[in-house]
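These notes concern the structure reproduced below.
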Amino acid sequence: MRYSKLFAPTLREVPAEAEISSHQLMLRAGMMRKVASGVYTYLPLGWRTIDKISDIIREEMNNAGGQELMFPIIQPAELWQKSGRWEVYGAELWRVKDRHDRDFCLGPTHEEIATSLILNDVNSYKQLPLMIYQIQNKYRDERRPRFGLMRGREFIMKDCYSFDRDDAALDVSYHLMYDAYVNIFNRCGLDFRPVKADNGAIGGSSSHEFMVLAESGEAEILYCDTCDYAANVEIADCGKAEIVKEAQLPLEKVLTPECRTIIDVAEFLHMDTMKTMKALFYMADEKPVLIFVRGDRMMNEIKVQNYLGATLFYMGTEEDLHNAGLTQGFIGPCGQNVRVLLDREVAESANLCCGANEEGYHLKNANFGRDFQGEVGHFRLVEAGERCPDCGGSLQSARGIEVGQVFKLGTKYSISMEASYLDENGKANPFVMGCYGIGVGRTMAAAIEQNHDENGIVWPKAIAPFQVVVVPVSEKSERQMKAANDLYAGLREKDVEVLLDDRAERAGVKFKDADLIGIPLRITIGDKSLDQGLLEYKERKSGASGSLDAADAVSEVLRLLEGIE
RNA sequence: CGGGACGUAGCGCAGCUUGGUAGCGCACCUGAUUUGGGAUCAGGAGGCCGCAGGUUCAAAUCCUGUCGUCCCGACCA
């Protein structure tokens, strides 16, 4: 590509709307432009990288046995009504009507469509396993689109669906995909970690997320410093801490006027917050429930919701609180009429302080079993520094960008959509499914988050829009242009993606742009070195520079490229 | 959806308090001089000041509404 013809409008200044590096750099490097909130045009440079990532994904998916196809974006409401998600998915589902006032949606994901395809065209165990995937735009009417491509309303996703005859076969498919994902993100040059994850709205039995480690990541992960345990904080577990044995003291009711928060109470009674418990009041499918965790801990909504199996789950309003007959600020588990969930730490600790269910009073030395009852479980967020649940090592915290997720769906969709196959005995069984997603644009953004410096993007070679940029210092110098054109032609012949900066710009501008758009290798052609029969190179990432023989430039460049990651 | 902020040229901003009909830097076009890390000078093009009402002789500026955008929280590739 000749730079003079390339449509890549670079910006010197950072657009005010962009907050994080990847968003700023994609705009500055002329890779994309915003059309509406969470909706973007990919310009040629951005699209080339999207293409490179897509190609890597395709190769690995095909190697794992996947077959590419293309589902429609527009999907009829009936399919979603059948699976039950037309109601459950909520406002995020982008609903549209046709001219006959019939309901459709723009696909946020394709479990329904995939299942309905298989339901019609796959009938026998002999056709299994089957793995189908596509790379396509997805639509989610996000409450808050954010950070450019990180969270858009329209985004490019690779989604894959596996159909197997039983759980054991699903295991095989799942691991094939898991390994393919590891390969994909490695090939994209990303520093990432697969972590255990919640299944969320998609449902199913188990799941892993692939997290690219970055400070700007929206997710918090915990990983063990000793073994390979790693999990999203939403579902992270921890090993047991030693409980200091303590004799149970008599229950005592104390006056605590105006002490409505844990901090107030702890200060007023001169005790540590870890000797208190706090009450969280939620509505689960319209029924009130109280969750108690130690005063210094945070409740884990996901774990509680999963435990309750609730679809509608939200923190109770003051009205809900009133209806349940609770006194805000003084809620305790003793003699409680509302359903009580106790974090296991609360059940295991002795002599905690809790609300007395009476305005202005708390109870000291409350003990599980003796003074209060409840369903015990793991209902709190695990924190960095706690014990690894697998090996007892220390858990570390990191932030990550979720670029992919693999799910074991089981029979959730095949049962609701009545998709089954006949086994050897002629008996109908529901397909056992898995689904596997990769955010392609998000992967690109994550790669930039992880690979940039003050001058711009530093692309990993595998996903750079061009591998080499050839920069003649002056486009007016005939011999520079001759050398540049020769090298350009030679590299193209070797299938190297090369950009020839033939613009009538000063060298400084060309260098700045080359750095900004992040081309891994730059070849500079100037009179000084040409006089000695040499060209100059500079590696974007390492900054390493030197000369190479002009007469043998093509093979020298190929050799240099070999050494760049 | 709750909280906060902002909409003035492609991008970054000033002007608004105290109303008088729009300005700066970058980018863009022409010419000259330059030419190895975002050149200099001269000339030029580009804006219904988000939109709609209202107040006023007069509105970018004051008032109301509306739309859009961004950030923080609850949700997810």
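The values are calculated or read from the model by the stated rules, or taken from the named source; none is laboratory data. Remember, it's a predicted structure, so these values are computed and weren't measured experimentally. Note: ideal-geometry Cβ built from the backbone for every residue, glycine included; neighbour counts use all protein chains shown.
When you go through (1) in contact with a Gly (Cβ under 9 Å, 6 or more places away or on another chain); (2) modelled with pLDDT under 90; (3) closer than 30 Å to A:ARG399 by Cβ; (4) among the charged types (D, E, K, R) one by one for A:GLU359, which number turns out not to apply?
Result: A:GLU359 passes all but (3).
Tell me which residues, restricted to the stretch A:458-473, are within 13 Å of RNA strand B (Cβ to nearest atom) and either in a helix (DSSP H, G or I) or out of contact with any Gly (no Cβ under 6 Å at 6 or more places or on another chain) (or both).
Let us first name the residues in the stretch A:458-473 that are within 13 Å of RNA strand B (Cβ to nearest atom), namely A:458, A:469-473.
Of everything in the stretch A:458-473, those that are within 13 Å of RNA strand B (Cβ to nearest atom) and either in a helix (DSSP H, G or I) or out of contact with any Gly (no Cβ under 6 Å at 6 or more places or on another chain) (or both) turn out to be A:VAL469, A:VAL470, A:VAL471, A:PRO472.
At pLDDT below 95 and either in a helix (DSSP H, G or I) or under 30 Å from A:GLU215 (Cα atoms) (or both): does that describe A:TRP47?
Answer is no for this residue.
Give all pairs with beta carbons closer than 7 Å in which a residue from the stretch A:13-39 that is more than 20 Å from A:ASP141 (Cα to Cα) meets a residue that is in a loop (DSSP other than H, G, I, E, B) and among the hydroxyl-bearing types (Ser, Thr, Tyr); count only pairs at least 6 apart in sequence or on separate chains.
Matching pairs, first to second residue: A:ILE20/A:SER216; A:ARG28/A:THR10; A:ALA29/A:THR10; A:GLY30/A:THR10.
Restricting the search to the stretch A:498-552, which residues are over 28 Å from A:PRO9 (Cα atoms) and in contact with a Gly (Cβ under 8 Å, 6 or more places away or on another chain)?
Listed by number, the residues that qualify are A:ASP549, A:ALA550, A:ALA551.
Looking at the stretch A:269-286 only, could you name the residues that are under 21 Å from A:ASN367 (Cβ atoms) and of a type outside the set (Gly, Ala, Ser)? Before the answer, list the steps.
Within the stretch A:269-286, the subset under 21 Å from A:ASN367 (Cβ atoms) is A:269-280.
Passing the criteria: A:LEU269, A:HIS270, A:MET271, A:ASP272, A:THR273, A:MET274, A:LYS275, A:THR276, A:MET277, A:LYS278, A:LEU280.
Tally the residues that are touching a helix residue (DSSP H, G or I) at 6+ places or on another chain (Cβ under 9 Å) and of a type in the set (D, E, K, R), restricting the search to the stretch A:508-537.
Selection size over the stretch A:508-537: 5.
Looking only at the stretch A:22-55, how many residues end up being of a type in the set (A, V, I, L, M) and touching a Phe, Trp or Tyr at 6+ places or on another chain (Cβ under 9 Å)?
Restricting attention to the stretch A:22-55, the residues satisfying the condition of being of a type in the set (A, V, I, L, M) are A:25-27, A:29, A:31-32, A:35-36, A:39, A:43, A:45, A:50, A:53.
After this cut, where a residue has to be touching a Phe, Trp or Tyr at 6+ places or on another chain (Cβ under 9 Å) as well, the list is A:26, A:31-32, A:43, A:45, A:50.
Of the residues in the stretch A:22-55, 6 are of a type in the set (A, V, I, L, M) and touching a Phe, Trp or Tyr at 6+ places or on another chain (Cβ under 9 Å).
Looking only at the stretch A:438-484, count how many residues are hydrophobic (A, V, I, L, M, F, W, C) and under 25 Å from the mean Cα position of the chain (by Cα).
Total meeting the criteria: 13.
Quick check on the stretch A:317-324. Is at least one of its residues surrounded by 20 or more Cβ atoms within 10 Å (Cβ to Cβ) and touching a residue at least 24 places away in the same chain (Cβ under 8 Å)?
Checking the stretch A:317-324: not a single residue is surrounded by 20 or more Cβ atoms within 10 Å (Cβ to Cβ) and touching a residue at least 24 places away in the same chain (Cβ under 8 Å).
Here is a list of conditions, (1) within 18 Å of the chain's Cα centre (by Cα); (2) touching a residue at least 12 places away in the same chain (Cβ under 8 Å), and A:ASN186 meets all of them except one; can you say which number that is?
Going through (1) within 18 Å of the chain's Cα centre (by Cα); (2) touching a residue at least 12 places away in the same chain (Cβ under 8 Å) one by one, A:ASN186 breaks only (2).
For the stretch A:105-124, state whether one or more residues are among the aliphatic types (A, V, I, L, M), within 16 Å of RNA strand B (Cβ to nearest atom), over 26 Å from A:PRO194 (Cα atoms) and not in a helix (DSSP H, G or I).
Yes, that holds for at least one residue.
Conditions (1) out of contact with any helix residue (DSSP H, G or I) (no Cβ under 6 Å at 6 or more places or on another chain); (2) of a type in the set (Ser, Thr, Tyr), marked per residue:
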site: A:ARG399; (1), (2): yes, no
site: A:GLY404; (1), (2): no, no
site: A:THR411; (1), (2): yes, yes
site: A:ASN455; (1), (2): no, no
site: A:VAL471; (1), (2): no, no
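Taking the stated definitions as given, is A:ALA384 closer than 19 Å to A:ALA236 by Cβ and under 37 Å from the mean Cα position of the chain (by Cα)?
Here the answer is yes, as A:ALA384 does meet what is asked.
Cβ-Cβ distance below 6 Å, separation of 6 or more or different chains: which pairs start in the stretch A:66-94 with a residue that is among the polar types (S, T, N, Q) and end on one that is surrounded by fewer than 16 Cβ atoms within 10 Å (Cβ to Cβ) and outside any helix (DSSP H, G or I)?
Once the first residue is among the polar types (S, T, N, Q) and sits in the stretch A:66-94, no partner that is surrounded by fewer than 16 Cβ atoms within 10 Å (Cβ to Cβ) and outside any helix (DSSP H, G or I) comes close enough.
For A:GLU78, work out the one condition from (1) of a type outside the set (S, T, N, Q); (2) part of a helix (DSSP H, G or I); (3) closer than 30 Å to A:LEU500 by Cβ it doesn't fulfil.
For A:GLU78, the exception is condition (3).
Residues that are within 24 Å of A:ASP453 (Cα to Cα), within 12 Å of RNA strand B (Cβ to nearest atom) and among the charged types (D, E, K, R): does the stretch A:33-46 have at least one?
yes
Answer yes or no as to whether A:PRO72 is more than 15 Å from RNA strand B (Cβ to nearest atom) and closer than 30 Å to A:MET32 by Cα.
Here the answer is yes, as A:PRO72 does meet what is asked.
So, A:MET1, is that one closer than 23 Å to A:ARG144 by Cα and either more than 9 Å from RNA strand B (Cβ to nearest atom) or touching a Ser or Thr at 6+ places or on another chain (Cβ under 8 Å) (or both) or not?
So A:MET1 does not fit the description; no.
Mind checking which residues of the stretch A:240-256 are more than 21 Å from A:ALA279 (Cβ to Cβ) and either modelled with pLDDT of 80 or more or over 38 Å from the mean Cα position of the chain (by Cα) (or both)?
A:LYS240, A:VAL244, A:LYS245, A:GLU246, A:ALA247, A:GLN248, A:LEU249, A:PRO250
Give me the pairs: first residue in the stretch A:497-526 and polar (S, T, N, Q), second residue near RNA strand B (Cβ under 10 Å from one of its atoms), beta-carbon distance under 6 Å, and six or more apart or on different chains, which are they?
Between residues of the stretch A:497-526 that are polar (S, T, N, Q) and residues that are near RNA strand B (Cβ under 10 Å from one of its atoms), the close pairs are A:THR524/A:VAL471; A:THR524/A:GLU536.
Conditions (1) away from RNA strand B (no atom under 13 Å from the Cβ); (2) loosely packed, with under 14 Cβ neighbours inside 10 Å; (3) closer than 22 Å to A:ASP513 by Cβ, marked per residue:
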residue	(1), (2), (3)
A:THR10	no, no, yes
A:ARG28	no, no, yes
A:ILE53	no, no, no
A:GLU59	yes, no, no
A:SER83	yes, no, no
A:ARG95	yes, no, no
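For A:CYS259, only one of the following conditions fails: (1) more than 13 Å from RNA strand B (Cβ to nearest atom); (2) under 26 Å from the mean Cα position of the chain (by Cα); (3) of a type outside the set (Ser, Thr, Tyr); (4) surrounded by 20 or more Cβ atoms within 10 Å (Cβ to Cβ). What is its number?
Status for A:CYS259: all satisfied but (2).
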